[in-house]
Each structure stands twice: as C-alpha cells, then as structure tokens.
Amino acid sequence: MGALPAITGHDGFDALVVRTDYSDDQAWQDVAAALTEPWADEPDEACVYFVNDPVWAGASVDDVLTAVRGDSDLAVVFLADRTTMQSDSHPLLAGTTLTREECLDDEDYEHLTEFGREFRTTPAGVHDVYANLSIGNLGFEEYAALAHDDPEGIYRSF
C-alpha cells in the first residue's frame, strides 16, 4: 500500500475511527450510527471523528498507525474493517499507538503488549476504551486482556 494521507482535523476528545472496508455501505451506516449513540450517562452524541475515504481501503492497523504517528496525544485508533462490516456485533479493531521506544525497556514493552497490539471491541466499547486510555485510567493491555478472556475475543464494555 502506498503512503496514506495524514489524518488532520481530529479533535483530541474524539475517538478516531478509520473505515478500511468499503464492501457494505449499509453495514457502515449501522456501525456509524452505533458509534454516535450517547455514551454512558451523557445526553449528547458520543464524540467520534470518522475517516471515511476509499483511499484507506484495505489499510492495516500499522498503515493507520504510521499515518497518525505525529499525534502524541492519541493512545488508540479504531478500524472499521471487513470483520467489522461482516459481523452482526460490528466489532471494531482497536490498535495501540504505543511503540517500543516509548517504553522503559523490552520487558516493559512485552508486559504492555502481552495480549497483542490490537483487539476487537463493540461500538459501545469504543468510547469506554478511548476515554479511559486518554486520561490514563486504564491501560491498553487491560482492555486487551478483557477481550482475550471473551469467548469471541471481543471487549464488550463495562
């Protein structure tokens, strides 16, 4: 895949969701609607920044992470990929922006990525994950562990 454009205009309070599968527009509309439903006890729509441009078709987590590398405040990105579109629960792929260079040493990095650098989450879980990672309340590895413990490998929110 060639170089992807930088993602600009993303507000730090918005979860970043990149659409990478364009096979089913109705599924995408369902995913987007689920992601904008009010979150927790908030009466307003959830805050989501959508990247919905076919230039991203087929992009991997690593492709997207490379495109957002300059955003030091971003802890996680979410991909709406083929699995998201084809599954009834529309689980998005969450990928951590954490790199080995940000860790104290290899052991620290191994601990923080024990369950991998990515996991799946339902649309309802996106906001929980994004909010808690943004404020440092929970770590990516804790959500990845919860997804790992789920029979389908999906974090489903608290």
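Of everything in the stretch 75-117, what is aromatic (Phe, Trp, Tyr) and within 16 Å of the chain's Cα centre (by Cα)? Give them in sequence order. I'd like the intermediate steps shown before the answer.
Initially, the stretch 75-117 is screened for residues aromatic (Phe, Trp, Tyr), giving 78, 109, 115.
If the condition is that a residue be aromatic (Phe, Trp, Tyr) and within 16 Å of the chain's Cα centre (by Cα), then Phe78, Phe115 are the ones that fit.
Enumerate the pairs (first residue in the stretch 112-141 and at positive phi; second residue anywhere and surrounded by 18 or more Cβ atoms within 10 Å (Cβ to Cβ)) with beta-carbon separation below 7 Å, excluding pairs fewer than 6 apart on the same chain, so at least 6 apart or on different chains.
Gly116/Ala144
Residues to consider are His127, His148, His90; find the one that is surrounded by 20 or more Cβ atoms within 10 Å (Cβ to Cβ) and in contact with a Phe, Trp or Tyr (Cβ under 7 Å, 6 or more places away or on another chain).
Numbers: His148 fails: surrounded by 20 or more Cβ atoms within 10 Å (Cβ to Cβ); His90 fails: in contact with a Phe, Trp or Tyr (Cβ under 7 Å, 6 or more places away or on another chain).
It is His127.
Considering only residues that are touching a Pro at 6+ places or on another chain (Cβ under 9 Å) and in a loop (DSSP other than H, G, I, E, B), which ones fall in the stretch 122-138? Let's see the steps before the verdict.
Keep residues of the stretch 122-138 that are touching a Pro at 6+ places or on another chain (Cβ under 9 Å), which gives 122-123, 125.
Of everything in the stretch 122-138, just one residue is touching a Pro at 6+ places or on another chain (Cβ under 9 Å) and in a loop (DSSP other than H, G, I, E, B), namely Thr122.
Only one of Ala46, Ala15 is out of contact with any strand residue (DSSP E or B) (no Cβ under 6 Å at 6 or more places or on another chain) and surrounded by 12 or more Cβ atoms within 10 Å (Cβ to Cβ); which?
Values: Ala15 fails: out of contact with any strand residue (DSSP E or B) (no Cβ under 6 Å at 6 or more places or on another chain).
Ala46 is the lone residue from the list that is out of contact with any strand residue (DSSP E or B) (no Cβ under 6 Å at 6 or more places or on another chain) and surrounded by 12 or more Cβ atoms within 10 Å (Cβ to Cβ).
Bear in mind these aren't lab numbers, they're just calculated from the coordinates by the rules spelled out. No experiment lies behind these values; they were computed from the predicted model shown. Cβ: placed from backbone, ideal geometry, glycine included. Neighbour counts: every protein chain shown.
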